[in-house]
Amino acid sequence: MQVVCSFARCFSFYSDFAIFFQALSEARGAAVVVFQLIDEGNEASFNETDIWKEDAESIYNIYGDIELDNVNFTYPCRREVSVLHNLSLIARAGQTTALVGSSGCGKSTCISLLLRYYEPSLGQITIDGRSITDYNVKQLRKNIGVVSQEPILFSMSIYENIRFGKVNATQAEIENAAREANAHNFIMQLPYKYETLVGERGIQLSGGEKQRIALARALVKQPIVLLLDEATSALDNVSEKIVQEALDQACKGRTTIVIAHRLTTIHKAHQIYVLDNGTVIEHGTHERLMAKEGGKYQAMIKRQQTEKIDDDNDDLMNIQKATEEDEKSICTSGCGKSTIIQLLERFYDVTSGQLLLDGIDIRQLNLHWVRSQIGLVSQEPILFDLTIAENITYGLENIPMEDIVNAACRANIHQFIEQLPQGYETRVGLKGSFLSGGEKQRIAIARVLVRRPKVLLLDEATSAMDSHNEQIVQEALVKAQMEDPNRTLLIVAHRLSTIRSCDMIYVLASRHIVENGTHTQLIQRRGAYYKMLAQNNLQ
């Protein structure tokens, strides 16, 4: 008996120790990537002896004439899939150039090549007529300001996050950059102002607030080249309009390359390039492209045009949700929309009042059970370094392949997956780094749909998509709702074209409800919703 007990204790010890072996194995795998990055600096492809050596010529002689000449590119992890095919475009110094097209067409890849995260497989990229490989990488990037689709903030103060753009920036320069980005006013309303800690990856701020701080960080160093990869995608219409006016001013005298799904932001661009499957299919000014009957750009504009407006309580946000209703919350960034989502998921608990689920205080329900009933698609999709199929079924067991494919079809991502050499067995990279923003978002939506949740929370779920994919996914979500009429759908939205058919719309401002009703009722009142919809219409 004593031998059996000793064996049981040893088995328990080794079972616990196996967890540490797994952690060591994962750390070893992660270290391989780190060492590859360190060794990368010695590769001859960089065409430099010392990549970080200071070079006065690199600092002062960049004017910003950029040209991509017959560029071809495949990602190292997917060499069978060509991302860019003989792509040629020119961005003139001091002018704004826009890149538009559906998700995955190669727009963000162009940005990555300009920043020299990768090198072209074929073709050449030049700045001021000189190959980009001739420039010192450090100084090249010092002259480029970038605002990406998913803003990256560090667990520091707002002041320090902006100062990352220019380490010797003064307080005045930082505040001026924040004003340009329409961030100064909301910062000054915070208790600690510029010394406010933003939390890990900016978790203490809303998506729009994070994006504006990232924009301020790009502007503080007064870059010669400004790259905007969906820079206003997280902003509401009011903030987008103000930030766009600031960007229009900031772009003067700079070479600016804008990637946009929301085509209202690029009407004034000097040149617009329409990309499809990694190549340019149209280019010209907005007016010229709109005059081209049957063109891709004209079709995209028409698809985004929202219906024109026909001219013919309690501040504690007591939101009572009926299970057969869709309820949408719309307002400016930072008004509390995403906080409601976090309270429903019980990332936090309310400090006063009650949040009821089927008439029961949510704090009295089992936390694991509550979350098992909820599906969430957030503004910044979270994917793991696993295969596409494993990401869709993450946390679930024994899901038939048929269900995975069905969910992917409804999220409008199946066709893209089938084109990949390894299909659903394709690895997505750390945080989905091998995919575009729209592709990541659609996989996240498929992950939610395969679970068939009773409560579906969409926090700007389609913000990273072009209008075509957004429309298809919206139709899929409506269809999913019809399949289970008892499902509660709660959507946080800035793009008002996505919420007109809902049962109830709540408009939030300064962290309380200012009006609510159906789309028709709110239009008739001509209040806050009416004004937001008017701003959302294309001119």
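Every number in this text was worked out from the coordinates using simple rules, so none of it is lab data. If you're wondering where the values come from, they're calculated on a predicted model, not measured in any experiment. Heads up, the Cβs are rebuilt from the backbone with ideal geometry, glycines too, and the neighbour counts pull from every protein chain shown.
A few notes on this one:
- Cβ-to-Cβ counts within 10 Å put TYR117, TYR394 in ascending order as TYR117, TYR394, the fewest first.
- Averaging 1/r over each pair of different alpha-carbon atoms in the range 389-481 and inverting the result gives 13.4 Å, the Kirkwood hydrodynamic radius.
- Between ILE152 and LYS531, the modelled label-to-label distance comes to 3.8 nm, taking each label 7 Å out from Cα in the direction of the beta carbon.
- For the range 482-538, the list of trypsin sites (Lys or Arg not before Pro) that fall in a loop by DSSP and count at most 15 other C-beta atoms within 10 angstrom reads ARG500, ARG511, ARG526.
- As a rough footprinting exposure proxy, the listed residues ASP503, ASP385, ASP459 were ranked by other beta carbons within 10 Å of their own, and the order from fewest upward is ASP503, ASP385, ASP459.
- Highest mean packing comes first when the peptides 365-378, 169-182 are listed by Cβ atoms within 10 Å, giving 169-182, 365-378.
- Amide H partners (placed H, <5 Å) of LEU226, local residues excluded: GLY145, THR255, THR256, ILE257
- Compactness relative to 2.2 N^0.38 Å, alpha carbon Rg of the range 326-536: 1.05
- Candidate lysines - alpha carbon under 29 Å from LYS292, same-chain residues fewer than 8 apart omitted: LYS107, LYS241, LYS252, LYS268, LYS302, LYS308
- Fewest-first sequence of THR97, THR126 by Cβ atoms within 10 Å of each Cβ: THR126, THR97
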